[in-house]
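A short worksheet on the structure shown next.
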Amino acid sequence: MLLTVYVDDLLLMGTSQRCEAVAAQLATSFELVALGPVKYLLGVEVVVDRELSTVFFSQAAYIEELLRRFHMKDCRGVSTPEGGTSEIEQERVDATQIDTLPYREIIGAMQYLVSDSRPDIAHVVRRLGQYMSNYGADHFAQAKRVLRYLKTTKDFGLKMNVTGSAEVELLRLEAYSDADYANDQQDRQSISGYVTMLNGSVVSYGSRKQGLNAQSTMEAEYVAMNEGARDVMWLRGLCDELMWKYAVPTLWCDNTAAISLFKRPGKHNGSKHIENRYHYVRNLGERELIAVRHCRTDQMAADIFTKPLARIKFAQFREMLGVCRRDQQGGAVEAEDDRAASVCMVVMFAAK
């Protein structure tokens, strides 16, 4: 039984009998209105398919509103949110031009999509967010391209596969981390990307610029490993709180040099300058709290968070994240634990 609270909205998850019993008990202490099985929560459509054992999160209505609001409803769609390069020139614009371009409004509105159901646009929204006070026509054109992509994929959402097998006793916690070395053309800083999964379904993800100038690809990948390790440790703590049993979390990396640095500590010419805080991942490995393994680049799900990708590769990684239409199969790996599928009924309440 799980109960989550956001301001005056309560989400109750569990079997039908337990949901009804807890709802009745809460009603004796609080003025509540039962809204029935959840359909929308904080602007996100939630579709629970018991036959397929999936939960689908979509913001199609919100995307429609964005297209109407920014006069892009009749635009021509595109298959990727970014072009073939990540370089956008910085521009100094006067206040008059800033007032005429709704750039900040577009980026702010798209950040809501990134946080809830659309990890596939996380990289481009992060990149465009760097220019909130220093943008011009090129930046605005790129922001409109993202809207064109959203028009093409407005029916897409984040699908979580919660099917299970009674024979498997441990949940599978995984994180993928990746980096694009010296990505930014202005400051030459690298980009970290990571995604954390529970039994093959995406739980959290991120795309961010590293706070240092990495001296090599190995260092950039090692820093990204640290980001992924922190996130999977958060998921591990959440599972501990819920008393779910799990195997040792796995952190996947596609850079053999970074993995070697993780496994063989010591002072090396190429790594002795790395700050101590980035060795957090190594400490976790020594305590056997996580395991780091090598992943082929074409299976690195976090690649989509670090740089623009060509159409075919972008679609491949998008599918691995479980971003698809409701009737499509999405996700990298099927789940393997019945407890992940224990949500049989979802009921939402709103305080009077």
Given the chain, longest segment not containing exposed loop GluC sites (Glu not before Pro) (DSSP; at most 13 other Cβ within 10 Å): 170-274
Please work out the C-alpha center-to-center distance from region 210-227 to region 1-51 and express it in whole Å. 42
Given springs between every Cα pair under 10 Å in a Gaussian network model of the chain, which of D49, D180, D231 has the largest fluctuation? D49
7 Å from Cα along Cα→Cβ at both E288 and H273: what's the point-to-point distance in nm? 3.7
Once fully extended, how much extra length lies between R325 and L238, figured as 0.36 nm per residue of separation less the alpha-carbon to alpha-carbon distance? 28.5 nm
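Please compute the length gained on full extension between T256 and E64, using 0.36 nm multiplied by the number of residues separating them and subtracting their Cα-Cα distance.
64.7 nm
Can you sort M110, M243, M132, M197 by how many other beta carbons sit within 10 Å, fewest first? Before the final figure, lay out each step's value.
Working: M110 24, M243 7, M132 13, M197 28.
The order, fewest Cβ neighbours first, is M243, M132, M110, M197.
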Take the Cα gyration tensor of region 169-336, multiply each eigenvalue by 5, square-root it, and list the three semi-axes largest first, rounded to whole angstrom. 26, 22, 12
Please compute the modelled spin-label separation between Y280 and R18, points set 7 Å along Cα→Cβ, answer in nm with one decimal. 3.2
Once you place label points 7 Å from the Cα toward the Cβ at K209 and R311, how far apart are they in nm? 3.1
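Expected output is a single nm value to one decimal: the length gained when fully extending between D187 and Y40, i.e. 0.36 nm times separation in residues minus the C-alpha distance. What is it?
Contour length minus Cα-Cα distance gives 48.7 nm.
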Counting other beta carbons within 10 Å of each residue's own, what order do R126, R287, R188, R118 fall into, fewest first? R287, R188, R126, R118
To make sure I understand the rule: partners must be lysines, Cα under 23 Å from the Cα of K272, and not fewer than 8 residues away in the same chain. Which ones qualify? K209, K263
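Among Y176, Y112, what is the fewest-to-most ranking by other Cβ atoms within 10 Å?
Ranked by crowding around the Cβ, least crowded first: Y112, Y176.
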Once the Cα gyration tensor of the chain is found, what semi-axes does its equivalent ellipsoid get, as square roots of 5 times the eigenvalues, in whole Å, sorted largest first? 34, 30, 18
Among R172, R277, R325: highest mean-square fluctuation, GNM of the chain, C-alpha pairs under 10 Å: R277
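Each value in this text was obtained by applying a stated rule to the coordinates, not by laboratory testing. Keep in mind that what you see is a predicted model, and the values were worked out from it rather than measured. Cβ: placed from backbone, ideal geometry, glycine included. Neighbour counts: every protein chain shown.
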